[in-house]
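Visitor: I have a structure I would like to understand better, so I am pasting it below and will then ask my questions one at a time.
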Amino acid sequence: MHLTKEEEDILKGEEGEGKRKAIEILVSLGDIQSADRLISVSSVQVSGVSYKTIGDAGLEFLKDFASTKAKASCLTTLNPMGVDLDSWQELGFSEVFVRKQEEIIQAYTAMGIRPSCTCTPYLVGNLPKRGTSVSWAESSSAIYANSVIGAKTNRESGISALASAVIGKTPRWGLHLKENRTPTFQVNAKGIGDTKSDYAALGYYVGKNFDGIPIFTGISPSPDDMKIMGAALATGTIGMFHVENVTPEAEIAKGGRIEKVDVGNRELKDIYETLTTVDDPDLICIGCPHCSIDEIRAVLDTNPRRDTWIFAPRQIKEKMKKYVKNENVKIISDTCMVVSPLEDLGIKSIGTNSAKCAFYSKNLSGLDVKFDSVENLVK
Ligand code: F3S
């Protein structure tokens, strides 16, 4: 990979150990992926924030890295951590866990990273311009950036995103290149239902059965629908999708012969059945990915009759909490149902309208799951 004189100097350690380590990570990644050079990024989203997922080894790595005085050189935000710092006591999370979590956040903030702790940073101030390159790690936010915003990112790891934050650059390969952003297959989903969970089931079906870049036809999803569909698509290997007449780069999809598949309600029904292992969950969890204001309003309008936790970015929680009149409902920020240790609270099963949440709650947290629409779950 070609490096500029300035990048060579950073690699020699002339700007300190933190920057040297960071560029070394980017150069190794670039060499593995046959990138030709580094390109600037306008923002970074770092994953690997919850103590539940990174543990003591991750915490030690971050403390070491922060001790090099490395600093973020562009707008950098964080993925959800393991608890809501406002309500962890009320909800019953352990103080030991919370103290470890605080150390992780301190290490990140010492590096100049905003402790936004959300997987929908684009709803609260980290919204890149169309066409710009970014380095985003959390898979639902990365696929949303590529597909709905029209920014360009590969699905970064927590470490490569952190290195990008320090250097302000990323290797130029994969989805940063126009030729890698065209659709490789078409999914006709005409006639599927239009609840958020139907879009999630559609994304999960396609993500589970295909690789490459789909272009969807026959559907007209809103940005929030694409948020939950993209999260489910990204449970497989897919990092970008198009929707005909909806997403910003669907135009470049025109022409060329690609494989076509039909997906209908029969396939979606199989997904609902596969992801559901329980009829009567302990807790309803909405907000994977974190909710927008409209999505919170929609949940409140259903007037939940069961314990319902809505996960959202902190700024959105602050705006919306005054509208919560129903004592079954809590809005929770900073964390999510997958990266917080719900199982430690004695919760054995959850209901969700998100296929991504259903998949990871089963496979990462060992919870039973009911996957269904919000309307059905909160009855
Ligand atoms: Fe976000 Fe957690 Fe889902 S990070 S996409 S709410 S698993």
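The values are calculated or read from the model by the stated rules, or taken from the named source; none is laboratory data. Everything numeric here is computed off the predicted structure, so don't read it as measured data. Don't worry about glycine lacking a Cβ; one is built from the backbone with ideal geometry, like all the others, and counts go over all protein chains shown. In case anyone asks, the SASA skips ligands and DNA or RNA and just uses the protein heavy atoms, side chains included. Shrake-Rupley method; radii C 1.70, N 1.55, O 1.52, S 1.80 Å.
Visitor: What are the residue pairs meeting all of these: first residue in the range 1-23, first residue within 20 Å of Arg172 (Cβ to Cβ), second residue of a type in the set (Phe, Trp, Tyr), Cβ atoms under 7 Å, and 6 or more apart or on different chains?
Guide: Matching pairs, first to second residue: none at all.
Visitor: Still on this structure: So Asp301 clears everything in (1) over 20 Å from Pro223 (Cβ atoms); (2) at pLDDT 95 or above; (3) among the acidic types (Asp, Glu); (4) away from the ligand (no atom under 16 Å from the Cβ) except one condition, right? Which one?
Guide: (1)
Visitor: While we're looking at this one, here's another question. Given the criterion within 30 Å of Asp262 (Cβ to Cβ), open to solvent by 20 Å² or more (accessible area, probe 1.4 Å) and either polar (S, T, N, Q) or within 16 Å of the ligand (Cβ to nearest atom) (or both), identify the matching residue among Lys208, Lys196, Lys178.
Guide: Lys196
Visitor: I'd like the full set of residues that are farther than 13 Å from Val124 by Cβ and of a type outside the set (Ser, Thr, Tyr), limited to the range 308-323.
Guide: Hits for the range 308-323 are Trp309, Ile310, Phe311, Lys321, Lys322.
Visitor: Going by the structure shown, is Gly287 open to solvent by less than 20 Å² (accessible area, probe 1.4 Å) and either within 11 Å of the ligand (Cβ to nearest atom) or over 17 Å from Ala200 (Cα atoms) (or both)?
Guide: yes
Visitor: Can you tell me how many residues within the range 339-364 are assigned to a loop (DSSP other than H, G, I, E, B) and in contact with a strand residue (DSSP E or B) (Cβ under 9 Å, 6 or more places away or on another chain)?
Guide: Selection size over the range 339-364: 6.
Visitor: Away from the ligand (no atom under 15 Å from the Cβ) and out of contact with any His (no Cβ under 9 Å at 6 or more places or on another chain): which single residue out of Lys356, Lys370 fits that description?
Guide: Matching residue, one of Lys356, Lys370: Lys370.
Visitor: Within the range 333-352, restricting attention to residues that are open to solvent by 10 Å² or more (accessible area, probe 1.4 Å) and under 22 Å from Gly236 (Cα atoms), which residue is farthest from the ligand (Cβ to nearest atom)?
Guide: Val339
Visitor: If I filter the range 51-60 for residues that are over 22 Å from the mean Cα position of the chain (by Cα), of a type outside the set (A, V, I, L, M) and either over 28 Å from Ser140 (Cα atoms) or surrounded by 15 or more Cβ atoms within 10 Å (Cβ to Cβ) (or both), do I get at least one hit? Please lay out each step first, then the result.
Guide: The first filter runs over the range 51-60 and keeps only residues over 22 Å from the mean Cα position of the chain (by Cα), leaving 56-57, 60.
Next, only the ones that are of a type outside the set (A, V, I, L, M) stay: 56, 60.
Applying the additional criterion that residues be either over 28 Å from Ser140 (Cα atoms) or surrounded by 15 or more Cβ atoms within 10 Å (Cβ to Cβ) (or both) yields none.
No; the residues of the range 51-60 include none that is over 22 Å from the mean Cα position of the chain (by Cα), of a type outside the set (A, V, I, L, M) and either over 28 Å from Ser140 (Cα atoms) or surrounded by 15 or more Cβ atoms within 10 Å (Cβ to Cβ) (or both).
Visitor: On to the next question. Could you list all residues from the range 290-327 that are over 24 Å from the mean Cα position of the chain (by Cα) and open to solvent by 10 Å² or more (accessible area, probe 1.4 Å)?
Guide: Of everything in the range 290-327, those that are over 24 Å from the mean Cα position of the chain (by Cα) and open to solvent by 10 Å² or more (accessible area, probe 1.4 Å) turn out to be Asp301, Thr302, Asn303, Arg305, Arg306, Asp307, Lys322, Tyr323, Val324, Lys325, Asn326, Glu327.
Visitor: I need the full set of residues from the range 75-133 which are within 16 Å of the ligand (Cβ to nearest atom), under 24 Å from Lys152 (Cβ atoms), assigned to a strand (DSSP E or B) and of a type in the set (A, V, I, L, M, F, W, C), in order please.
Guide: Once the filter is applied, which keeps residues that are within 16 Å of the ligand (Cβ to nearest atom), under 24 Å from Lys152 (Cβ atoms), assigned to a strand (DSSP E or B) and of a type in the set (A, V, I, L, M, F, W, C), the range 75-133 yields only Leu78.
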